[in-house]
Amino acid sequence: MYQEDIYRLSPNEWEWFAQDILFHLGFIVHVGPSEGADDGLDMIVERNNVKYLVSCKHNHKSKKSVGVRDEQDIRDRVEQHKCKGFIAFYSVGATTALKKKIASLENAGIDVIEIYLDNVLDIIPTMVGFVLQKYFQRPQEIHHQVVCGGDYKPLKCMGEGCDKDIISKEQIPYSLVGFYIDNKNSIHFIYGCKICLADYCTSPYWAEIGQIRYIEEMLNWRSVVDKVTSQNEPAPDFYKHWALLQEAILQIQIPQGWGRWI
Ligand SMILES: [Zn+2]
């Protein structure tokens, strides 16, 4: 999980990380973390002609929500720096009282954007690897399962009577994708445990799940799929299974630049 890795960042690193995330979200950075004096200003960014004052809070030790006392005179600070908007960029949440205060800024015509830990965790998987590598070590290990909780969709082995989730951390090393050519010469897309599919992988082409979770390898696999479907008639369920696989792999995909499968 990124959460623990986020809490390992220093407050200063958190500000740099905030800058990278905001840039990734399409903001222009006017005043970056190193330039911002400590008068309640961490950064000034702009998007769609609106300038925002960014307040970064990183309670990495206490993990306590940011409260009203930690964010004083937001309105004054925003006006003082000639901004029209305010961005709360917190590695934790905000107290109810602070959320109310932030909401009241909107009534005063200030454009407010709140980015809390949950949002950051959602944004991280959409960022490029080389940026994340500045902050996180061994990303492929912590990157497993970018979708958490209720949104996660397992991919069940197609082997008969097997119910294993082949994209789970435990099963990835024992799982593969391949093709089965039936007696009518049409080709089926199959995935599952290596043991369960041993007798069915009748095409010379196959790949490991641990391999195609690397985006470069997934691109290679795409061309393999194009090749086999040009050689054999795809079975009616071929593209359904190919789509299910791609959807599942997206959940564990290792972004570009995070190393290659060896
Ligand atoms: Zn199986």
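The values are calculated or read from the model by the stated rules, or taken from the named source; none is laboratory data. Keep in mind that this is a model prediction, so the values were computed, not measured. Here the Cβ positions follow ideal geometry from the backbone for every residue, glycine too, while neighbour counts run over all protein chains shown. Heads up: the accessible areas ignore ligands, DNA and RNA and are worked out on the full protein's heavy atoms, side chains in. Shrake-Rupley method; radii C 1.70, N 1.55, O 1.52, S 1.80 Å.
Okay, here's what the table says:
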item	result
Check on Asp39, more than 27 Å from Gln3 (Cβ to Cβ), outside any strand (DSSP E or B) and either aromatic (Phe, Trp, Tyr) or modelled with pLDDT of 90 or more (or both)	no
Any hit, segment 217-234, residues being at pLDDT below 95, in contact with a helix residue (DSSP H, G or I) (Cβ under 8 Å, 6 or more places away or on another chain) and within 16 Å of the ligand (Cβ to nearest atom)	no
Pick from segment 157-178, criterion free of Cβ contacts under 8 Å to residues at least 24 places away in the same chain, under 16 Å from Leu244 (Cα atoms) and of a type in the set (D, E, K, R), ranking: nearest to the ligand (Cβ to nearest atom)	Asp163
Subset of segment 218-253 [under 18 Å from Pro173 (Cα atoms) and either of a type in the set (A, V, I, L, M, F, W, C) or open to solvent by less than 30 Å² (accessible area, probe 1.4 Å) (or both)]	Met218, Trp221, Leu245, Ala248, Ile249, Leu250, Gln251, Ile252, Gln253
Residue match in segment 198-213 (condition: part of a helix (DSSP H, G or I) and in contact with a Leu (Cβ under 8 Å, 6 or more places away or on another chain))	yes
Scan of segment 43-83 for residues that are assigned to a loop (DSSP other than H, G, I, E, B) and within 17 Å of Ile110 (Cβ to Cβ), ordered by number	Asn48, Asn49, Glu71, Gln72, Asp73, His81, Lys82, Cys83
Among the candidates Ile142, Ile167, Ile190, residue that is at pLDDT below 95 and open to solvent by less than 20 Å² (accessible area, probe 1.4 Å)	Ile167
Per-region count, segment 153-164, residues surrounded by 15 or more Cβ atoms within 10 Å (Cβ to Cβ) and in a loop (DSSP other than H, G, I, E, B)	5
